[in-house]
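Enquirer: After the structure tokens below, expect a handful of questions from me.
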Amino acid sequence: MDLADCRALLSHAEWADALVWKTVLASGPEDGELRAKLHHLHVVQWAYLHIWRAEQVKPRELSSFPTLAAIRGWGREYYRELPSYLGGVSASDPLREVRFPWADRLVRRFGGARPTTWAESVLQVAMHSSYHRGQVARRLRELGGEPPLTDFLAWIWMDRPEADWGEEEAA
């Protein structure tokens, strides 16, 4: 995977997250399972951004967000910071090794681990986010709603649209 592929995966993730958030916030009363899944999705995105920037990972607790809209705002802030970080990523960075603070714990559990590249970590963020968007889609259906189409290929077919975070963006 090259830098362009990594950027595409992260752009798709933002587009898909924005669609999901618009649907969730329009779906009615707050739901605890939706809160937990969306919080976790963004905790992981933020953790990886901190790791990529060689910063300490300090996850925010779910209890620090009084509403779903507050979680959305925090997720949106991740996507506001991401372009600045990506602007400094070079064509050679996809092959750069990334060290994770939790790696030693996993090495003890699995007996070893090979190094992970930055591109592989981007793919992990994209896949992890997609997995949890799928859980949110299932929950929306259980609550009587219709989740948005967020497939990567749909995004490609639509000519890679920009994320639409809603009215907030017009302000």
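Enquirer: Any idea what the alpha-carbon Rg over 2.2 N^0.38 Å comes to for region 47-169? Intermediate values should be presented prior to the final figure.
Expert: Working: Rg = 17.1 Å, N = 123, 2.2 N^0.38 = 13.7 Å.
My calculation over the Cα atoms of region 47-169 gives 1.25.
Enquirer: Based on C-alpha coordinates, I'd like the Rg and Dmax of region 22-83, in Å.
Expert: When restricted to Cα atoms, region 22-83 yields Rg and Dmax of 12.2, 39 Å.
Enquirer: Sticking with this structure for a sec: Over the chain, give the accessible area per residue in Å² for a 1.4 Å probe, as an integer. Kindly include the intermediate steps, with their values, before the conclusion.
Expert: Numbers: 9540 Å² over 171 residues.
On a per-residue basis, the chain sits at 56 Å².
Enquirer: Let me ask you something else. How much of the accessible area of region 1-130, probe 1.4 Å, is carbon plus sulfur, in whole percent? Don't jump to the answer; show the numbers that get you there.
Expert: On the way: 3640 of 6640 Å².
In region 1-130, the share of accessible area belonging to carbon and sulfur is 55 percent.
Enquirer: What helices does the chain hold that run 15 Å or longer along their axis, going by alpha-carbon atoms, with a Kyte-Doolittle average of -1.0 or more, using DSSP H for the helix calls?
Expert: On the way: long enough: 3-26 (35 Å, 0.64); 32-52 (30 Å, 0.00); 68-87 (30 Å, -0.47); 118-142 (36 Å, -0.64).
Within the chain the helices that satisfy the rule are 3-26, 32-52, 68-87, 118-142.
Enquirer: Return the Rg/Rh value of region 97-171, two decimal places, where both radii are evaluated on C-alpha atoms and Rh is the Kirkwood radius. Display every interim value, and only then the final one.
Expert: Values: Rg = 17.6 Å, Rh = 15.8 Å.
For region 97-171, the value is 1.12.
Enquirer: Return the FRET efficiency for the residue pair Trp102, Glu30: r is the Cβ-Cβ distance, R0 is 30 Å, and the value is rounded to the nearest 0.05. Don't jump to the answer; show the numbers that get you there.
Expert: Details: r = 30 Å, r/R0 = 1.00.
Calculated transfer efficiency: 0.50.
Enquirer: Can you list, largest first and rounded to whole Å, the semi-axes you get for region 127-170 by taking the square root of 5 times each eigenvalue of its Cα gyration tensor? Display every interim value, and only then the final one.
Expert: Working: eigenvalues 82, 49, 22 Å².
Sorted largest first and rounded, they come to 20, 16, 10 Å.
The values are calculated or read from the model by the stated rules, or taken from the named source; none is laboratory data. Please read these numbers as outputs of a predicted model, since none were measured by experiment. Neighbour counts run over all protein chains shown; Cβ positions are idealised from the backbone, glycine included. Remember, those area values only see protein heavy atoms, side chains included, never the ligands or the DNA or RNA. Shrake-Rupley method; radii C 1.70, N 1.55, O 1.52, S 1.80 Å.
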